[in-house]
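Written out below as structure tokens is the structure these notes cover.
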Amino acid sequence: MKILSDFDGVLTDPSPEAARVKEVFYNHFITLPGTSQPQMSELWEQAQNQLIHSPHQHGWKSGEKITAYANEDGFIECNGLAACLDDMVSKAEKRSLNVQNSLKQKEFSNFCEMSQFAFNEVVKETSAGRHHPLDPSAAIVFQTLLSRGIEIVIVSNSGTERITNLFLQRCPGLLQSSENRLRIRGGAQKFVLGENSDSFEVGPYVVHTDRPKYQTILVEEKPDIILGDVFSLDLALPLQLARRKLHGFEKVRLLMRKRNYSPQWSTAYFSHTKGVSCGLFESLDDLLALI
Ligand SMILES: [Mg+2]
């Protein structure tokens, strides 16, 4: 049996790191040279309100399309906020000139780049030991799964180095003792959307499933079980492949880790899906009981 698992949010608690990304992003945003703090503060508030009032229109962009929604986790909220700020600035011409010149002075093309910079800073902080996101149960649960003869591949948008370092900091023996039955495929780019409009609707949310980079990995790995916490990024494409009975995906089991940040629209849709084996779990100990 093979499990393909996401990393952030499944094997970590991403909330403290995500809150820190937002803080670093805000600190750079509010002190942008050549802008006034009250003006920038108002802009930030307006963008936050837009995310709250029309969540289906905001998120992490891949080209012009939304690849994951701002309410799906705290990291994506920052991406969504940045994209919304870029949109607002480009629509308000006079202010736009002001802000865009200021961004250039700081060597950012836009707020999406600033938010990505903030994320990278927090990855460095974590690597330096400032944050400890790994779930305390991850090592024992994975050890148990490996001891049952199960193969595990971690497929994540995060870099392989970040994931490896977190395992080495918290459970150094795990990777060595796994005899290559625990592999890490970081930089998976699940967020990259292709040209076609393959998607399905969940209420007002359009969930895109043309994810060529992720699909290549899924087809290479052909897992029996897929674990994720963000519906759009981790589970929507495998769900589509299972519904279409793509070879190797007819019997795949999909399990979503339900977190305190998981939006109701995605957990409700996922748990009521018919014809494909879908389930929710709240803790890694609960997961063990399901496998
Ligand atoms: Mg995740």
For this session: Answer yes or no: is there a residue in the stretch 35-48 that is crowded, with 22+ Cβ neighbours inside 10 Å, under 14 Å from the mean Cα position of the chain (by Cα) and not assigned by TED's automatic domain parsing to the domain that holds Ile152.
Result: no
(Q) Whether any residue in the stretch 50-67 is without any contact (Cβ under 8 Å) to a residue 24 or more places away in the chain and within 16 Å of the ligand (Cβ to nearest atom) is what I want to check. (A) no
Some residue of the stretch 133-142 being touching a Phe, Trp or Tyr at 6+ places or on another chain (Cβ under 8 Å), in contact (Cβ under 8 Å) with a residue 12 or more places away in the chain and assigned to a strand (DSSP E or B):
yes
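Tell me which residues, restricted to the stretch 66-115, are basic (Lys, Arg) and either touching a Cys at 6+ places or on another chain (Cβ under 8 Å) or over 30 Å from Phe231 (Cβ atoms) (or both).
The answer is Lys94, Arg95, Lys104, Lys106.
I need a count of the residues in the stretch 227-241 that are without any contact (Cβ under 8 Å) to a residue 60 or more places away in the chain and closer than 19 Å to Glu282 by Cβ.
Within the stretch 227-241, residues that are without any contact (Cβ under 8 Å) to a residue 60 or more places away in the chain and closer than 19 Å to Glu282 by Cβ number 1.
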| request: Using the structure shown, decide if Leu280 is outside the structural domain of His58 (by TED's automatic domain parsing), touching a residue at least 40 places away in the same chain (Cβ under 8 Å), within 16 Å of the ligand (Cβ to nearest atom) and not basic (Lys, Arg). | output: no
For the stretch 145-164 the number of residues that are in a helix (DSSP H, G or I) and either within 16 Å of the ligand (Cβ to nearest atom) or surrounded by 15 or more Cβ atoms within 10 Å (Cβ to Cβ) (or both) is 5
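The values are calculated or read from the model by the stated rules, or taken from the named source; none is laboratory data. What you see is a predicted model, and the numbers here were worked out from it, not measured in a lab. Heads up, the Cβs are rebuilt from the backbone with ideal geometry, glycines too, and the neighbour counts pull from every protein chain shown.
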